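The values are calculated or read from the model by the stated rules, or taken from the named source; none is laboratory data. Because the structure is predicted, anything quoted here is derived from the model rather than measured. In this analysis, Cβ positions are derived from the backbone assuming ideal geometry, glycine residues included, and neighbour counts consider all displayed protein chains.
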């Protein structure tokens with residue numbers, strides 16, 4: 001049976017592969033002003049294992065507006081057709097609009113929505129994991145970072 005650290009490392013590899021691939025999306029859940037969760041499908045720009053990941057959206061997008069009020073979030077990756085897994089990361093989102101950050105997080109798929117990293121409407125959501133629930137290779141682990 002794999003150790004917790006092995007499962008955490010495998011989950012990080014899956015996230016990195018998803019971020020670098022064609023199907024780089026995940027589900028991002030925030031808390032609305034009414035106190036209810038609100039989920040959206042969004043692409044991952046970059047990641048460092050399960051510790052943090054970045055997502056890009058518009059400054060005025062509903063998710064960005066919700067995170068201004070409440071930074072709590074959940075990011076979820078699921079079965080992608082080749083491998084069964086469930087990766088749920090719970091943590092907080094910081095909204096970053098600095099040019100250096102936007103340049104570092106830019107990837108070609110964003111050109112469909114933004115004119116470039118200098119676009120004033122582009123915002124980077126930096127998600128930092130506080131806890132996790134992972135089911136990878138038929139092994140489930142939960143914990144805090």
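A few points about this structure:
- Scope the stretch 45-61; condition more than 18 Å from residue 130 (Cβ to Cβ) and either touching a strand residue (DSSP E or B) at 6+ places or on another chain (Cβ under 7 Å) or assigned to a strand (DSSP E or B) (or both); matching residues: 45, 46, 56, 57, 58, 59
Residue-wise test of (1) at pLDDT below 95; (2) closer than 23 Å to residue 23 by Cβ; (3) under 18 Å from the mean Cα position of the chain (by Cα).
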site	(1), (2), (3)
96	no, no, yes
109	yes, yes, yes
119	no, no, no
122	no, yes, yes
137	yes, yes, no
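- Residue within the stretch 21-41 that is part of a helix (DSSP H, G or I), at pLDDT below 95 and under 23 Å from residue 145 (Cβ atoms) present: no
- Residues that are touching a residue at least 60 places away in the same chain (Cβ under 8 Å) and over 9 Å from the mean Cα position of the chain (by Cα) within the stretch 40-63 comprise 50, 51, 56, 57, 58, 59, 60, 61, 63, listed in sequence order.
- Residues within the stretch 113-139 that are at negative phi and not in a strand (DSSP E or B), tallied: 8
- Matching residues in the stretch 71-129 - criterion: being exposed (fewer than 14 other Cβ atoms within 10 Å of the Cβ), over 28 Å from residue 142 (Cβ atoms) and free of Cβ contacts under 8 Å to residues at least 40 places away in the same chain: 97, 98, 99, 100, 103, 108, 111, 112, 115, 116, 118
- In the stretch 1-20, the residues that are touching a strand residue (DSSP E or B) at 6+ places or on another chain (Cβ under 7 Å) and part of a loop (DSSP other than H, G, I, E, B): 1, 2
- Criterion violated by residue 145 - all others in (1) at pLDDT 95 or above; (2) over 22 Å from residue 23 (Cβ atoms) satisfied: (1)
- Conditions (1) at pLDDT below 95; (2) at positive phi: number failed by residue 84: (2)
- Single residue of 20, 45, 61 found to be surrounded by fewer than 19 Cβ atoms within 10 Å (Cβ to Cβ) and closer than 30 Å to residue 140 by Cβ: 20
- Evaluation of residue 66 against (1) surrounded by fewer than 20 Cβ atoms within 10 Å (Cβ to Cβ); (2) part of a helix (DSSP H, G or I); (3) without any contact (Cβ under 8 Å) to a residue 40 or more places away in the chain (one fails), failing number: (1)
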